Amino acid sequence: MVARVIPVECFDLVIFGATGDLARRKILPGLYRRWKEGQIPEGAAIIGAARSDMDAERFRELARAALEEFLAPRDLEPAMVTRFLAMVDYVAIDARGDGGWQALADRVRPGMVRAFYLSVAPALFGDIAQRLHQRGIANRDSRIVVEKPFGKDLASARALNSALAEHFHEDQIYRIDHYLGKETVQNLMAVRFANILFEPLWNAQFIDHVQITVAETVGVGGRGEYYDNSGAMRDMVQNHLMQLLCLIAMEPPHHFEPDAMRDEKLKVIRALDPLAPGDLIRGQYRGRDGDDYLLESGNPDSRTESFVAMKLQISNWRWKGTPFYLRTGKRLKSRVSEIAVTFKEPPHSIFGESNQWRENVLVIRLQPDEGMDLRVMIKEPGPGGMRLKDVALDMSFAEALGNDLDIPDAYERLIMDVIRGNQTLFMRGDEVEAAWAWVDPVIAGWEARGDRPEAYDPGSTGPEGALMLMHRDGRRWREIR
Ligand code: NAP
């Protein structure tokens, strides 16, 4: 199957933080894969920038090593890699200093799409934006891409927005939430808005509840110090889980167009009820043999949560009365990201008491094995009378669309969208601020109470309290398999 791809114009992409982990693991490999697929035009330039003093040849070696480390062997063809690296250049720049900016100004070319990817600490966003502007390197047509974390509360997010807004218009700013670049997440929009099937049922009258799970097996590891100042609520909920919630709960936008989409997502965040303390469980993994949050974070008295589960209510006509349960955590049993939409019981069963009814559930799997399944009731085959059974109408994207389907990584898609100038899958400033405005009082509440997170075993499904959060409502979490 040949996918139709919208071509991109020739571009200069400057990656600040080009020697860092994200650039090596995601950005450079992602660009190579798109280039290999013929989506990056000949003549495009990728310009690395960081403080480290090195020439372009040395940076190309570093980039080659990154491709070899982070791409599958089948992606790597030495001749292709060499041709790709011919597009790559490097300029040594300190975001807070004066050196290097003129070299960058000389390097970028007129008439090209110009994009700046800030894969650096957010504290540097303002400095870089200001210098790009002052030196005339960025113009009204340039695009600037910023990474998470976009602030640690409403005040800091506002400060970042203002620092960027001094030099860039909102339509030039691309705030990355890589969850939005995932194939299944976009498919969620296709399922909702390209089929008549679900939309009439997509409301509190027919949906019992929604569960969103993002479970990781890794702990905080080497990011312990950073993570301890953040925690699951800031690191995962404020951005990724809230974005997924918005896509599930939003009204159909009038068009699949950036502001129409983002207006509808914003309305969802604004309609969220404040969280009651009893509707939130925080957890921290505590184990032996070094598998322990307090050891890994280097903070023996840490009250930072590595797990959070909560029950959210959306106060609008569509959703009043349908709870949304969210959970995310580290060092859990397995790595799973999914959204499960559980439908209500039919109003009356014609098949009698002996047939146990099971809920219809639509599961959207983000990882592993991106795909969807819908659990429906059927008649059990055979002569045993009218016995019902629930089965999955299962669609793995890889199977449905060809086993060799090579689903692009979220970063690949998002970088290409930046070059195309399509902001649909990026967060707008007011969305980010609204999410912080909802999260801030929740965090302030537990900080004021001095709450300690509940301990859970590494490799488990999280703390007991999270199970109870569902049990008390007569529901249960889906298994983390
Ligand atoms: P990192 O490994 O620490 O890399 C930071 C990069 O910034 C390096 O290239 C560093 O190179 C450069 N840098 C530091 N200070 C600089 C300065 N004053 N001027 C110019 N360059 C400077 O960090 P990272 O993990 O790649 O993360 C980058 C950003 O992406 C962070 O905001 C992070 O939160 C975010 N992010 C990362 C990931 C991930 O998986 N890594 C995921 C999501 C978001 P020099 O030391 O040579 O200057």
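The values are calculated or read from the model by the stated rules, or taken from the named source; none is laboratory data. Quick caveat: nothing in here was measured; it's all calculated off a predicted structure. Here the Cβ positions follow ideal geometry from the backbone for every residue, glycine too, while neighbour counts run over all protein chains shown. The area values use the complete protein model at the heavy-atom level, side chains included, leaving out ligands, DNA and RNA. Shrake-Rupley method; radii C 1.70, N 1.55, O 1.52, S 1.80 Å.
If Arg131 passes every condition in (1) of a type outside the set (A, V, I, L, M); (2) more than 12 Å from the ligand (Cβ to nearest atom); (3) more than 23 Å from the chain's Cα centre (by Cα); (4) crowded, with 16+ Cβ neighbours inside 10 Å but one, which one does it miss?
With (1) of a type outside the set (A, V, I, L, M); (2) more than 12 Å from the ligand (Cβ to nearest atom); (3) more than 23 Å from the chain's Cα centre (by Cα); (4) crowded, with 16+ Cβ neighbours inside 10 Å applied to Arg131, the lone miss is (2).
Examine segment 50-65 for a residue that is more than 16 Å from Ala79 (Cα to Cα), within 11 Å of the ligand (Cβ to nearest atom), part of a strand (DSSP E or B) and over 25 Å from the mean Cα position of the chain (by Cα), and state whether such a residue exists.
yes
If you check every pair at least six apart or on different chains, which have Cβ atoms under 6 Å apart with a residue in segment 314-337 that is on the phi > 0 side of the Ramachandran plot first and a residue that is aliphatic (A, V, I, L, M) and modelled with pLDDT under 95 second?
The qualifying pairs do not exist here.
If you check Arg288 against the conditions, is it open to solvent by 50 Å² or more (accessible area, probe 1.4 Å), free of Cβ contacts under 8 Å to residues at least 60 places away in the same chain and more than 22 Å from Ile443 (Cα to Cα)?
It is true that Arg288 is open to solvent by 50 Å² or more (accessible area, probe 1.4 Å), free of Cβ contacts under 8 Å to residues at least 60 places away in the same chain and more than 22 Å from Ile443 (Cα to Cα).
Kindly list the number of the only condition in (1) touching a Leu at 6+ places or on another chain (Cβ under 8 Å); (2) open to solvent by less than 60 Å² (accessible area, probe 1.4 Å); (3) within 11 Å of the ligand (Cβ to nearest atom) that fails for Arg96.
Arg96 satisfies all of (1) touching a Leu at 6+ places or on another chain (Cβ under 8 Å); (2) open to solvent by less than 60 Å² (accessible area, probe 1.4 Å); (3) within 11 Å of the ligand (Cβ to nearest atom) except (2).
When you go through Met377, Met310 one by one, which is the residue that is of a type in the set (A, V, I, L, M), in a strand (DSSP E or B) and over 25 Å from the mean Cα position of the chain (by Cα)?
Of Met377, Met310, the one residue that is of a type in the set (A, V, I, L, M), in a strand (DSSP E or B) and over 25 Å from the mean Cα position of the chain (by Cα) is Met377.
Within the set of pairs 6+ apart or on separate chains, which have a first residue in segment 57-81 that is charged (D, E, K, R), a second that is not in a helix (DSSP H, G or I), and C-beta atoms under 8 Å apart?
Correct list of pairs: Arg58/Tyr90; Arg60/Val88; Arg60/Tyr90; Glu68/Leu76.
Taking the condition of being farther than 21 Å from Thr461 by Cα, buried (at least 17 other Cβ atoms within 10 Å of the Cβ) and of a type in the set (Lys, Arg), how many residues in segment 256-285 meet it?
Summing the residues that are farther than 21 Å from Thr461 by Cα, buried (at least 17 other Cβ atoms within 10 Å of the Cβ) and of a type in the set (Lys, Arg) in segment 256-285 gives 2.
Is there a residue being touching a helix residue (DSSP H, G or I) at 6+ places or on another chain (Cβ under 7 Å), more than 26 Å from Ala65 (Cβ to Cβ) and hydroxyl-bearing (Ser, Thr, Tyr) anywhere in segment 110-119?
no
I'd like to know if segment 443-451 contains one or more residues that are of a type in the set (Lys, Arg) and under 18 Å from Val210 (Cα atoms).
Looking through segment 443-451, none of the residues is of a type in the set (Lys, Arg) and under 18 Å from Val210 (Cα atoms).
Can you tell which of Val391, Val439 is out of contact with any Gly (no Cβ under 9 Å at 6 or more places or on another chain), hydrophobic (A, V, I, L, M, F, W, C) and modelled with pLDDT of 95 or more?
So the residue among Val391, Val439 that is out of contact with any Gly (no Cβ under 9 Å at 6 or more places or on another chain), hydrophobic (A, V, I, L, M, F, W, C) and modelled with pLDDT of 95 or more is Val439.
Return the residues of segment 30-49 that are part of a helix (DSSP H, G or I) and either in contact with a strand residue (DSSP E or B) (Cβ under 7 Å, 6 or more places away or on another chain) or under 24 Å from Arg131 (Cα atoms) (or both); say none if nothing qualifies.
Residue satisfying the conditions is Leu31 alone.
Within segment 291-309, which residues are surrounded by 23 or more Cβ atoms within 10 Å (Cβ to Cβ) and among the hydrophobic types (A, V, I, L, M, F, W, C)?
Phe307, Val308, Ala309
Considering each residue of segment 66-93, count those that are within 16 Å of the ligand (Cβ to nearest atom) and open to solvent by 70 Å² or more (accessible area, probe 1.4 Å), and give that number.
Here the count works out to 1.
Condition first: out of contact with any Lys or Arg (no Cβ under 7 Å at 6 or more places or on another chain) and surrounded by 15 or more Cβ atoms within 10 Å (Cβ to Cβ). Now tell me which residues in segment 337-350 satisfy that.
Scanning segment 337-350 gives Ser337, Ile339, Val341, Thr342, Phe343, Lys344.
Among the helices (runs of 4 or more DSSP H) contained in segment 140-254, which hold 2 or more residues that are modelled with pLDDT of 95 or more and either polar (S, T, N, Q) or buried (at least 22 other Cβ atoms within 10 Å of the Cβ) (or both)?
Qualifying helices (runs of 4 or more DSSP H): 154-165, 242-249.
If Thr322 passes every condition in (1) open to solvent by less than 10 Å² (accessible area, probe 1.4 Å); (2) touching a Lys or Arg at 6+ places or on another chain (Cβ under 7 Å); (3) not in a strand (DSSP E or B) but one, which one does it miss?
(2)
Only one residue in Ile15, Ile27 is assigned to a helix (DSSP H, G or I), within 16 Å of the ligand (Cβ to nearest atom), among the aliphatic types (A, V, I, L, M) and surrounded by 19 or more Cβ atoms within 10 Å (Cβ to Cβ), so which one is that?
Ile27
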